[in-house]
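The values are calculated or read from the model by the stated rules, or taken from the named source; none is laboratory data. All of these numbers come straight from a predicted model, not from anything done at the bench. Cβ placement follows ideal geometry from the backbone for every residue including glycine, while neighbour counts extend to all protein chains displayed. In case anyone asks, the SASA skips ligands and DNA or RNA and just uses the protein heavy atoms, side chains included. Shrake-Rupley method; radii C 1.70, N 1.55, O 1.52, S 1.80 Å.
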Amino acid sequence: MGYFLTQLARLAESTITAIGSHLTIAVGNIFFLGGSTMFCFGAYALAVSQKFGLDPWWAALLSIVFSFFVSFLFVLAYIKLSNDSFAVFTLSSMLAFEALVKSWDDVTGGILGIAGILRPDNLVKLKQLVIFQIILMVILLFIEFVILKTVLGRSLLGMRESRNFVEALGTSTKRTGSVAIIICCVLAAMAGVTGVWRIQFLDASFGSIAMLVQSVTIAILAAKPQVRWLMLSAVFVTFLPEFLRFTPLPSTMIGHLRILIYSVLLIVVLLTISKKLMPQKRFI
Amino acid sequence: MFFLQILLNSLVVGTQVVLLAVPLYLVYAASKIYHLALGATGISVAYALYFGLTSGWGWPITILFTLICAIVLGLLSFALLEKLAKKKEHLFGLLVSFSLGLCLEASMALMFGTDGKFFLSTPLPTINFSELYLTVPGAITLVVGIVLSILFLLLTTQTPWGREIKAVSENSYLLSSLSFNASLVRATVLVVASVIAGFVGIMTTFNSTLVPGAGFNIVVLAFIALLVGGVHSLKGTIVAAYLVVLIPELVVGLSSGSYSVSLSWKMVIVFIVAAILLTWKPNGLLERRERVE
């Protein structure tokens, strides 16, 4: 039972993170790769707040507020840098945050991490937490569904087709992209908060590259700007490497094999269905 | 003397970054793709050397095997990135390159394990200049790095090959109509980049330990150098590579007393320096403003 609950929790966490990646990468064609950094940031903001004696719910709220403000750093980079430079800059933010977490050991516990992170009183059991995560995931999927129907969603879709066209219609692409980035950051932080409540331990390896590759693969595999595709993609990608658990491989190898599977899958997906994500070329 | 030793060590690390930033620049110039897999490529080549040496093949066969591995990895990169470079889908190229890097890293971890490997069981040989010292791999890196930097600066700015690379990224169809083989130019660049990355991988791990994830840190530093120096300026990239290494080393090395900064903050300082330089000059240190008529 514990195994299935854990898998459901992982599904919820990766889906919540992937909603942001879906909005930015698949819908808006903004290659924001800082989701994993914000996942980790959200978790650390929660853990540090709890360490200073804050109630878990207040700590979660504070973590989300902090993540909102930190997301403006990415917005600044989005406005200042070119698309590809922005992509790699957000990717390397993961390394910067990891270095910061490892160095600032007075607050973050350094390489030893922070242990004994408390769950809220009403989510003490894993089953209660998983139900909360699933409800949160459904609500956020519904919010994405609504966003896709609003001006913001249509502008993001328009940006994928032609930024100049969207600008010509009087919508600021920078503002639209910035909003998508902020949403992505806040959602990733939310996933981080629920993730750390599940594990109850936090160190610099939390989230990391595996989470980034997983969320980007889910977003790109979903391809279409539709919530049901995102959900299907999340289920497929999250449960795909699970067959490894039933093989007689040592546990040290499973982590690397999982990354290998995700990265091969991402390459295959990018080389085969990438054209669905690109603006349609019309020949007259 | 202490200051000079810091300067010398920073020069070696800076040259390692330059040596990876140069192929990163070349691939970007030829295909407009940030080839992030170069770090993992370099480390994979270093593992090939380690495999040859521990299998008792002897230096000539091991070096040949290592070179073949570097060329094969270059061709593999070409096979994966060519379609995307042709279609000008640069951001997907970046993601494919990143995933290829992860694949290589995970494969190395599965084959050789994640524990650190050493090429030599004895202490590294050093060269002493009065009270200053430099390891032999450090000295080789310094010399080769300076020679290659000057060589590629001349190649990209003064020779037809450099002009071809720029032309390929601008309009490969137009270049093909002039009977140039754009794919061949990109393949050559990727193979040369892999060989240089392999050299950097070997020299870096000779100086420290060989672990599968070592490539990612150095490729991020090289990328920061490329970004800070300006993606269209090799000269700027070289200057920036030394700056992003030297400033944190000096801050850490010269800080003292209650204001001392520990070594673990180095990477954080690199990002702060990069952020300041990018805010000050977003198009690169040596990038000139162009008037568009």
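Residue count for the stretch B:206-229 satisfying the condition of being touching a Leu at 6+ places or on another chain (Cβ under 6 Å) and either small (Gly, Ala, Ser) or free of Cβ contacts under 8 Å to residues at least 24 places away in the same chain (or both): 2.
It is to be established whether one or more residues within the stretch A:226-234 are more than 16 Å from the chain's Cα centre (by Cα) and among the hydrophobic types (A, V, I, L, M, F, W, C). Among the residues of the stretch A:226-234, at least one is more than 16 Å from the chain's Cα centre (by Cα) and among the hydrophobic types (A, V, I, L, M, F, W, C), which makes the answer yes.
Only helices (runs of 4 or more DSSP H) whose full extent lies in the stretch B:185-286 are considered here, and the ones with at least 2 residues that are more than 14 Å from chain A (Cβ to nearest Cβ), in contact with a helix residue (DSSP H, G or I) (Cβ under 7 Å, 6 or more places away or on another chain) and hydrophobic (A, V, I, L, M, F, W, C) are B:234-254.
Figure legend. Inter-residue proximity from the stretch A:65-84: first residues closer than 16 Å to A:Phe39 by Cβ, second residues surrounded by 14 or more Cβ atoms within 10 Å (Cβ to Cβ) and of a type in the set (Gly, Ala, Ser), beta-carbon distance below 6 Å, spacing 6+ or different chains. Indicated pairs: A:Phe66/A:Ala45; A:Ser67/A:Gly42; A:Ser67/A:Ala189; A:Phe74/A:Gly34.
All conditions in (1) away from chain A (no Cβ under 12 Å); (2) surrounded by 14 or more Cβ atoms within 10 Å (Cβ to Cβ); (3) assigned to a helix (DSSP H, G or I) hold for B:Ser176, with the sole exception of (2). Where residues in the stretch A:226-251 are modelled with pLDDT of 80 or more, open to solvent by 40 Å² or more (accessible area, probe 1.4 Å) and part of a helix (DSSP H, G or I), which of them is nearest to the other protein chains (Cβ to nearest Cβ)? Across the stretch A:226-251, the extreme among qualifying residues is A:Leu240. For the stretch B:80-110, a residue qualifies if it is surrounded by fewer than 17 Cβ atoms within 10 Å (Cβ to Cβ) and either in a strand (DSSP E or B) or at the interface with another protein chain (Cβ under 10 Å from one of its Cβ atoms) (or both), and the qualifying residues are B:Lys83, B:Lys87, B:Lys88. Residues that are over 18 Å from the mean Cα position of the chain (by Cα) and open to solvent by 10 Å² or more (accessible area, probe 1.4 Å) do not occur anywhere in the stretch A:36-47. Within the stretch B:115-133, residues that are closer than 23 Å to B:Gln5 by Cβ and of a type in the set (A, V, I, L, M) reach partners that are part of a loop (DSSP other than H, G, I, E, B) and open to solvent by 70 Å² or more (accessible area, probe 1.4 Å) with beta carbons closer than 8 Å, at six or more positions or on different chains, in the pairs B:Leu132/B:Met1. Note on the stretch B:52-72: residues that are without any contact (Cβ under 8 Å) to a residue 60 or more places away in the chain and either surrounded by 22 or more Cβ atoms within 10 Å (Cβ to Cβ) or assigned to a helix (DSSP H, G or I) (or both) total 11.
Residues in the stretch A:202-225 that are under 14 Å from the mean Cα position of the chain (by Cα), surrounded by fewer than 24 Cβ atoms within 10 Å (Cβ to Cβ) and not aliphatic (A, V, I, L, M): A:Phe206, A:Ser208.
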